[in-house]
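Worksheet: one structure, shown below.
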Amino acid sequence: MSEGRQGVVAGVTGVLGGFRDFLMRGNVVELAVAVVIGAAFTNIVNAMVEGVINPVVGAFGTRDLSAYELCLRGDCAGDSGVAIRWGSVVSATLTFLITAAVVYFLMILPLTRFVARMRRKEETGEVAPLPTELDLLTEIRDELIARRTGRPVATVGAQRSGETEPPAGPAAGPVRE
């Protein structure tokens with residue numbers, strides 16, 4: 001292949017690789033799943049409005065909310081009148097409210113409670129304060145003394161003014177053989 005042709009192929013491969021990376025990002029995939037679920041959920045809500053809400057409203061008037069209208073001019077039964085179909089607006093509003101309530105009570109509220117519970121667990125989990133330089137040096141000193149004497153030292157923190165037993169080691173005095 002010629003150099004120009006290889007550059008074009010590499011450019012197309014780079015563009016397609018970037019496009020693949022874009023599609024496989026978590027946000028794009030999650031958005032696609034949300035759209036698909038939202039479309040399926042719309043059918044459920046529409047069935048709920050048509051099967052439950054409209055009959056309840058129909059007990060007080062017509063079975064179909066879209067039949068409610070207001071005639072502004074002329075005869076609305078014919079083509080000469082101007083009708084405002086406020087029933088369809090009420091039906092769409094009820095559909096929206098039902099959708100919003102289901103999303104809130106079945107998705108948002110449990111997720112909010114879960115996140116709050118996780119935050120409380122993080123806040124109540126006692127985090128040990130980081131030791132200061134003096135604390136670390138005191139621990140090192142006590143460990144060295146414990147190794148020399150063969151017994152653990154119980155003092156932590158304040159510096160000791162004198163020891164009850166001199167430390168064993170080369171500076172302790174003459175060595176007997």
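The values are calculated or read from the model by the stated rules, or taken from the named source; none is laboratory data. What you are looking at is a predicted structure, and each value in this text was computed from that prediction instead of being measured. No Cβ is skipped: glycine too gets one built from the backbone with ideal geometry, and neighbour counts run over all protein chains shown. To get the accessible areas, we keep the full protein, side chains included, count just its heavy atoms, and leave off ligands, DNA and RNA. Shrake-Rupley method; radii C 1.70, N 1.55, O 1.52, S 1.80 Å.
For Thr112, are the conditions met, namely being closer than 29 Å to Gly51 by Cβ, in a helix (DSSP H, G or I), of a type in the set (S, T, N, Q) and open to solvent by 50 Å² or more (accessible area, probe 1.4 Å)? For Thr112, the condition - closer than 29 Å to Gly51 by Cβ, in a helix (DSSP H, G or I), of a type in the set (S, T, N, Q) and open to solvent by 50 Å² or more (accessible area, probe 1.4 Å) - is not met. Restricting the search to the range 142-151, which residues are open to solvent by 70 Å² or more (accessible area, probe 1.4 Å) and either assigned to a helix (DSSP H, G or I) or touching a residue at least 24 places away in the same chain (Cβ under 8 Å) (or both)? Once the filter is applied, which keeps residues that are open to solvent by 70 Å² or more (accessible area, probe 1.4 Å) and either assigned to a helix (DSSP H, G or I) or touching a residue at least 24 places away in the same chain (Cβ under 8 Å) (or both), the range 142-151 yields Glu143, Leu144, Arg147, Arg148.
When the range 65-109 is limited to residues that are more than 24 Å from Val52 (Cα to Cα) and part of a loop (DSSP other than H, G, I, E, B), the one that is modelled with the lowest pLDDT turns out to be Gly78.
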